[in-house]
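The values are calculated or read from the model by the stated rules, or taken from the named source; none is laboratory data. Keep in mind the model is a prediction, meaning the values are calculated, not measured. Ideal geometry is used to build each Cβ from the backbone, glycine not excepted, and the neighbour counts take in all protein chains shown.
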């Protein structure tokens, strides 16, 4: 016998409140006392209640669907941002529908067109290129849009990102303090805006010493794929490497092992995103940590304001990063240590209750990647 679907009245009965209060909590439209909201959300969880978004749209003319498009679901960074967005969406009574562009602008446009069929209330987008032609489809539908992590060039928009120039600067300054002058920067593509800004940060520091970074484009691929032959040749002649994306760190590690260069004796390595495995690797990996949870929360908060009717000027927010020093970086061999003003860094290991601003382990937050 088919079980009856859980209704708002069932949730209200379990929480000891009125159906109207349940609706207010799920829609996020009226102020509700925190204690009451907690009772309602606990009942929602206990009863496994799901909002019937289609019925709600037909009844009110307002969608409770949010569309999201990201470059990849295989790179753990993007699902982690989405997880932070989803938690906030659900707390405000919205459902998140996600699609991946597979790093292909044509696929991206097709996925956006498909998401538009759901008549979403808004979009959160991490585009795969500096153009994002699919934005024209969203703009034509008059749907609010917020960019996270990266945005199209020359398009005024609501945009939440990290300070990429500062991230590159912090990594490079640490390495030149250790005496390194032959430094490579590695990323799957050098044409993406946030990567270009990270390289700019590295380049600015190295220019103080009349040097420039070796730019290595690894191409997109599985984390176990070898670097292109040219890429391996490029990193064989440097004393330090900055991996500008998280998956690139693993590919660089594998390449260094394959060509017989040890870390940090032969080459120092700075990774990106501070994966949970980085502190326990041997040697442990020095890394730039992004506030991933804050990125997702901030993107949703801005989109929620737009859905609510905010018509102020586009908002651009940059979030601070942190350089976590570990054992994969060391003074260059047979080179004096160059003294520079200290960069803002941390030798401490992150507390494990630093919550979602770390890329979480599968066991801790149940996020697969």
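What do you reckon, is residue 254 assigned to a helix (DSSP H, G or I), under 26 Å from the mean Cα position of the chain (by Cα) and not assigned by TED's automatic domain parsing to the domain that holds residue 149? Considered against the rule, which asks whether it is assigned to a helix (DSSP H, G or I), under 26 Å from the mean Cα position of the chain (by Cα) and not assigned by TED's automatic domain parsing to the domain that holds residue 149, residue 254 comes out as yes.
Within region 283-291, does at least one residue satisfy the condition of being surrounded by fewer than 23 Cβ atoms within 10 Å (Cβ to Cβ), in contact (Cβ under 8 Å) with a residue 40 or more places away in the chain, in contact with a helix residue (DSSP H, G or I) (Cβ under 6 Å, 6 or more places away or on another chain) and assigned to a loop (DSSP other than H, G, I, E, B)? The answer is yes; a qualifying residue exists. Would you point out the residue of region 74-95, among those that are within 11 Å of the chain's Cα centre (by Cα) and more than 27 Å from residue 42 (Cβ to Cβ), that is surrounded by the fewest Cβ atoms within 10 Å (Cβ to Cβ)? Step by step, filter region 74-95, then rank; the result is 75.
Applying the criterion of being farther than 18 Å from residue 128 by Cα and surrounded by 19 or more Cβ atoms within 10 Å (Cβ to Cβ) to the residues of region 204-218, the residue that is nearest to the chain's Cα centre (by Cα) is 216.
Just to be sure before I move on: is residue 114 within 18 Å of residue 290 (Cβ to Cβ) and surrounded by fewer than 23 Cβ atoms within 10 Å (Cβ to Cβ) in the structure I sent? Quick ask: steps written out before the conclusion?
Working: within 18 Å of residue 290 (Cβ to Cβ): no; surrounded by fewer than 23 Cβ atoms within 10 Å (Cβ to Cβ): yes.
Here the answer is no, as residue 114 does not meet what is asked.
Against the condition outside the structural domain of residue 191 (by TED's automatic domain parsing) and surrounded by 23 or more Cβ atoms within 10 Å (Cβ to Cβ), how does residue 101 come out, does it pass? When the stated conditions are applied, residue 101 passes them.
Checked across region 281-289, the condition of being modelled with pLDDT under 90 and in the same structural domain as residue 237 (by TED's automatic domain parsing) holds for no residue.
Number of residues in region 317-331 that are over 16 Å from the mean Cα position of the chain (by Cα) and either modelled with pLDDT under 95 or not in a loop (DSSP other than H, G, I, E, B) (or both): the value is 2.
For region 219-239, a residue qualifies if it is without any contact (Cβ under 8 Å) to a residue 12 or more places away in the chain and surrounded by 19 or more Cβ atoms within 10 Å (Cβ to Cβ), but none of them does. Kindly establish whether residue 242 is in contact with a strand residue (DSSP E or B) (Cβ under 8 Å, 6 or more places away or on another chain), modelled with pLDDT of 95 or more and crowded, with 23+ Cβ neighbours inside 10 Å. Considered against the rule, which asks whether it is in contact with a strand residue (DSSP E or B) (Cβ under 8 Å, 6 or more places away or on another chain), modelled with pLDDT of 95 or more and crowded, with 23+ Cβ neighbours inside 10 Å, residue 242 comes out as yes. Contact map, region 83-110: residues that are under 19 Å from residue 305 (Cβ atoms) paired with residues that are in a loop (DSSP other than H, G, I, E, B) and at pLDDT 95 or above, Cβ distance under 9 Å, separation 6+ or inter-chain. Pairs shown: 94/121.
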